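Participant: This is the structure, below, for whatever I ask next.
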Amino acid sequence: MLTLRQDTDGFIHMSRHFPQKMSISIVFTDGSTGEYSGARLNGLYDQAVAAYRLANNLDAKGFDRAPAKVHRRNAVGLVPVSADMGG
């Protein structure tokens, strides 16, 4: 089991997918805890990547069709979580 802590802004640090069936415990800032599957957090990570790409005008593969120098095009390290997100 992996334990993650929610930061004061409401995010967990996650830079990659976890194994689908892995159990992950999250300690929220309000003191409560929740246990989630890797599949659930992977879905949240995918949503965060999609939001990042949309906000930065990137296509579905993370490419910007306009020439620009961007370091780590798909750099999502923070995933928003809440105690009421369900398992």
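Participant: How many residues are of a type outside the set (A, V, I, L, M, F, W, C) and either touching an Asp or Glu at 6+ places or on another chain (Cβ under 7 Å) or within 17 Å of residue 83 (Cβ to Cβ) (or both) if we restrict to region 6-27?
Facilitator: Counting residues in region 6-27 that are of a type outside the set (A, V, I, L, M, F, W, C) and either touching an Asp or Glu at 6+ places or on another chain (Cβ under 7 Å) or within 17 Å of residue 83 (Cβ to Cβ) (or both) gives 7.
Participant: So residue 49 ticks every box in (1) among the β-branched types (Val, Ile, Thr); (2) open to solvent by 40 Å² or more (accessible area, probe 1.4 Å); (3) farther than 12 Å from residue 81 by Cβ but one. Which box is left unticked?
Facilitator: Every listed condition holds for residue 49 apart from (2).
Participant: Okay, next question. Are there any pairs, at least 6 apart or on different chains, whose C-beta atoms fall under 7 Å, with the first in region 20-44 and of a type in the set (Asp, Glu) and the second open to solvent by 40 Å² or more (accessible area, probe 1.4 Å), and if so, which?
Facilitator: Matching pairs, first to second residue: 30/83; 35/23; 35/87.
Participant: Also: Restricting attention to region 64-87, report how many residues are surrounded by fewer than 13 Cβ atoms within 10 Å (Cβ to Cβ), modelled with pLDDT under 75 and more than 13 Å from residue 15 (Cα to Cα).
Facilitator: Residues meeting the conditions: 9.
The values are calculated or read from the model by the stated rules, or taken from the named source; none is laboratory data. Note that the structure is predicted; figures quoted are calculated from it, not measured. All Cβ positions, even for glycine, are placed from backbone atoms using ideal geometry, and neighbour counts span all protein chains on display. Quick note on the areas: whole protein, heavy atoms, side chains included, nothing else; ligands and nucleic acids left out. Shrake-Rupley method; radii C 1.70, N 1.55, O 1.52, S 1.80 Å.
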